[in-house]
Amino acid sequence: MTRAGMTATLIWALAALIAAIIAIRARYTADLSAFLPRRASATQSLLVEQLREGPAAHLIIAAIAGADAEARAAVSRQMALRLRTNPAVLAIDNGNEAQLERDREFLFGHRYLLSPRVSPQLFTAGGLHAAIGAALNVLASSAGPLVKPLFLRDPTLETLAIIESLDASHARHSAAGVWSSPDGTRALILARTRASGADIDGQQAACAALERSFAESIAALPSAQRAALTFSMSGPPVLAVASRATIKGQVWRLSGLSAACIALLLLAVYRSPAILLLTFVPVASGALAGVAAVALGFSVVHGITLGFGVTLIGESVDYAIYLFIQRSADFRRSVWPTIRLGVLTSICGFAALLPSAFPGLSQLGLYSIAGLAAAALVTRFVLPEWLPRTVRIRDLTAVGSYLERLLARLRAARGALLLIALLAATLLYLHRGALWSRELNALSPIRATDMQLDEQLRAAAGAPDTGYIVAVAAPDREAALAAADAVGTRLTPLVERGVIGGFDSPTRFLPALAVQDARRRSLPPAAVLRANLDEGLQGLPLTAARLEPFVRDVEQAREAPLLRQADLAGSSLGLVVDALLVRGSAGWSALLPVSARDSADLSGAAIAQVRSAVASAAVGAELLDLKGEADRLYSGYLREAVRLAIGGFIGIVLLLFVALRSAARVARVVAPLALSVLTVAAAFAALGHALTILHVVGMLLIVAVGSNYALFFDRAGVRPAEGSLPLTLASLLVANLATVIAFGVLAFSSVPVLADLGSTVAPGTLLALLFAAMLAPPVPRTTPQAALR
């Protein structure tokens, strides 16, 4: 090894070590908030805040099925007992009698601060006469046994008014003393994780805690019951953890499968294990450099970016193939300049992604640039120095000679390319309305079975439909609660008229202090209340003396402190308030999830009335359509990706003009790339497969990889003496097969983003080689001696 080689090796080893340390210490996430623009609108910021901290982001719904109700209830109680001391779980609720009793006592004890009916009018003689008369009618009805124990202390039935004001989502079924599904086949547990939606590690710890508590809780049961019981759970934390595990597992498995398939191909070509190992050095170096660059440039590395590492095998392995197969020529003088220009075109294309307002897109651009640059530099400065002098690589001249004869026949058929272009353009025009997928769900790695389980458990638990949320932003907690109360006043008539099924609000259990104070001031002194009772009870079969407990409770409420959020800690009511009253970076947000009637979606007319009611509250509230806004966000992401990709393509064309200094040569290089992209897009349109953001990135990769093929054909036509045409053709075929294998494996991934990428690049790069060969200029005949000069 020369001194220059030793220096290059030392630099490579040091850089690889540093990159490995950075990659190991980096944070990785599957959080879709990576798709939030840096300069987000207020609505977009609110959307991602809901994804991270909203009422659903912390909620896990667990279900215990099998055996009988008593066994399920016993396991539910044991699990709740264990989980209440687990640091990963902020709150746990299974509807046990002790918890429900505490909630009932809380509502009863604070009824005069929580009841929406409390006003000065209620405690006048006329108000008392009407309220107590109505309560006596309830006592005489079938509901009488429920209210009779409370009547003498709450003759106006304020506790009942509070319960009636609750959204239907709070009404859950019970069996054997714990919450259950409506059909009674599952015991349900609701857990609120301490970690935010962006903290996947914390969410994973909470999911593991639930699974562990179930295993520990059934350990003491008889074997028959233990075998009959099953455990399942869902919710955003569970789905986020599963998504990350799916992406991670797919990346590792597909990377290994791609590497193994390419290794078998190259081993058959090289017939040298040593050269095979050297071929993967640029690949590993590029992947490591890409992860390190993203980790340094961003706070976290997204799982989609990590999955993009598989794609580096497809292009970076080409550089080593060109080096080893064409080593009979002067690599540094003849082959390297072509590779260098190909790398520069790739960098130019992906550099267009860097200024993207979306961190996810910027990450892919930075990863590609750093990875390809590192792979190319290692191929140029490190690999030639590591080549064993005694190792011989299989001579592919015979294969290349056959390809040379085939090349002449392909050129004769180049007229068919015009027909292909016209057919592709026609297909794209005919399918222009359905060409692009504009739903964020198109990127979701969540399996259909997991989504079905989530829907089942949500329906069983009566979890609120958070598809629509009225969000109120305010500088402090009290302002947020006051605004939520104003919005609730406007939404209540819509519930009464059946326009919407209901809504939730943090003010149901924590009214604003000003509202509480007004209600407390509505309570008359004991003497005044007794006098009003004497008058109000005239004509009713009840004496004021019997309602003395009521007078004492009112007097006690007049002197009691106002209710604070900390007073709800540890109760299921506190769980609701904590989910709907969120402190963010810019202040506080009160959230009011709106649900439709009979579990249906809100109609357009209902949405319009909700928007009108929210606007009339004049508190700066906004109805947020979570799915619709997410899809609009993704559509913006997609539009920008297309614009940037077009910008990158234009940059590549300009670079080629500067490097080749010939419009005809640039056209020969660019035409097969553009036609490949056009053909692949048309094929997807014809198959009814809408294009996503990863298809756009895949098309950039077609241009990046295919530019190498086109540039080698251009070099062969312009400078035939530089290198051997048969060996050049053989190296292009082997490189193309390696790329098709790498991306073809991705096409079978269960992760949509990886499958989209693979199904785009595999056929695209194959077509790029074919079209480049068909458009290649005629190669002048050269003597073998000239070819080796």
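Is at least one residue of the range 449-457 part of a loop (DSSP other than H, G, I, E, B) and at pLDDT below 90? Looking through the range 449-457, none of the residues is part of a loop (DSSP other than H, G, I, E, B) and at pLDDT below 90. Being in contact with a helix residue (DSSP H, G or I) (Cβ under 7 Å, 6 or more places away or on another chain), surrounded by 14 or more Cβ atoms within 10 Å (Cβ to Cβ) and under 26 Å from Gly628 (Cβ atoms) is the requirement here; does Gly488 meet it? In short, yes. Restricted to the range 677-722, and to residues there that are of a type in the set (Ser, Thr, Tyr) and more than 19 Å from Leu638 (Cβ to Cβ), the residue that is most open to solvent (accessible area, probe 1.4 Å) is Thr679. Summed over the range 427-439, the residues that are loosely packed, with under 13 Cβ neighbours inside 10 Å and touching a residue at least 60 places away in the same chain (Cβ under 8 Å) give a count of 1. Checking each residue in the range 348-383 for being of a type in the set (A, V, I, L, M), farther than 21 Å from Tyr637 by Cα and in a helix (DSSP H, G or I) picks out Ala370, Leu372, Ala373, Ala374, Ala375, Ala376, Leu377, Val378, Leu383. Reported count of residues in the range 593-620, each being hydrophobic (A, V, I, L, M, F, W, C) and either under 26 Å from the mean Cα position of the chain (by Cα) or surrounded by fewer than 20 Cβ atoms within 10 Å (Cβ to Cβ) (or both), is 10.
Annotation: of all residues in the range 700-753 being assigned to a loop (DSSP other than H, G, I, E, B) and among the aliphatic types (A, V, I, L, M), the one that is farthest from Leu656 (Cα to Cα) is Val751. Within the range 660-676, if we keep just the residues that are among the hydrophobic types (A, V, I, L, M, F, W, C) and open to solvent by less than 30 Å² (accessible area, probe 1.4 Å), the residue that is farthest from Ala376 (Cα to Cα) turns out to be Leu675.
Against the conditions (1) free of Cβ contacts under 8 Å to residues at least 24 places away in the same chain; (2) part of a loop (DSSP other than H, G, I, E, B), Ile446 satisfies every one except (1). Within the set Leu417, Leu410, Leu422, the sole residue that is open to solvent by 60 Å² or more (accessible area, probe 1.4 Å), assigned to a helix (DSSP H, G or I) and either under 17 Å from Pro672 (Cα atoms) or among the acidic types (Asp, Glu) (or both) turns out to be Leu422. Within the range 145-178, take every residue that is modelled with pLDDT of 85 or more and polar (S, T, N, Q) and give me the one that is farthest from Pro593 (Cα to Cα). Filtering first and then ranking leaves Thr156. Residues that are at pLDDT 85 or above and of a type in the set (Gly, Ala, Ser) were ranked within the range 458-477; the one that is nearest to Ala613 (Cα to Cα) is Ala471. Name the pairs: first residue in the range 668-687 and under 24 Å from Arg411 (Cβ atoms), second residue among the acidic types (Asp, Glu) and assigned to a helix (DSSP H, G or I), Cβ to Cβ under 8 Å, at least 6 apart or on different chains? Between residues of the range 668-687 that are under 24 Å from Arg411 (Cβ atoms) and residues that are among the acidic types (Asp, Glu) and assigned to a helix (DSSP H, G or I), the close pairs are Arg668/Asp714; Val669/Asp714. Among the candidates Leu361, Leu387, which residue alone is open to solvent by less than 50 Å² (accessible area, probe 1.4 Å) and either in contact with a Cys (Cβ under 8 Å, 6 or more places away or on another chain) or over 21 Å from Ile693 (Cα atoms) (or both)? Leu387 is the lone residue from the list that is open to solvent by less than 50 Å² (accessible area, probe 1.4 Å) and either in contact with a Cys (Cβ under 8 Å, 6 or more places away or on another chain) or over 21 Å from Ile693 (Cα atoms) (or both). Counting only helices (runs of 4 or more DSSP H) wholly contained in the range 140-251, the ones carrying 1 or more residues that are surrounded by fewer than 22 Cβ atoms within 10 Å (Cβ to Cβ) and in contact with a Ser or Thr (Cβ under 9 Å, 6 or more places away or on another chain) occupy 144-147, 158-165, 200-218. Residue count for the range 52-71 satisfying the condition of being over 21 Å from Leu510 (Cβ atoms) and open to solvent by 20 Å² or more (accessible area, probe 1.4 Å): 7. Scanning the range 681-688 turns up at least one residue that is hydrophobic (A, V, I, L, M, F, W, C) and within 23 Å of Ala351 (Cβ to Cβ).
Ala376 fulfils the conditions (1) open to solvent by 10 Å² or more (accessible area, probe 1.4 Å); (2) touching a residue at least 12 places away in the same chain (Cβ under 8 Å) except for a single criterion, (1).
Looking at the range 384-398, is at least one residue part of a helix (DSSP H, G or I) and closer than 30 Å to Arg632 by Cβ? No; the residues of the range 384-398 include none that is part of a helix (DSSP H, G or I) and closer than 30 Å to Arg632 by Cβ.
The values are calculated or read from the model by the stated rules, or taken from the named source; none is laboratory data. Please read all numbers here as calculations on a predicted model, not as lab measurements. All Cβ positions, glycine included, derive from the backbone under ideal geometry; neighbour counts span all protein chains shown. The protein model used for the area step is the full one, side chains on, heavy atoms only, and it has no ligands, DNA or RNA in it. Shrake-Rupley method; radii C 1.70, N 1.55, O 1.52, S 1.80 Å.
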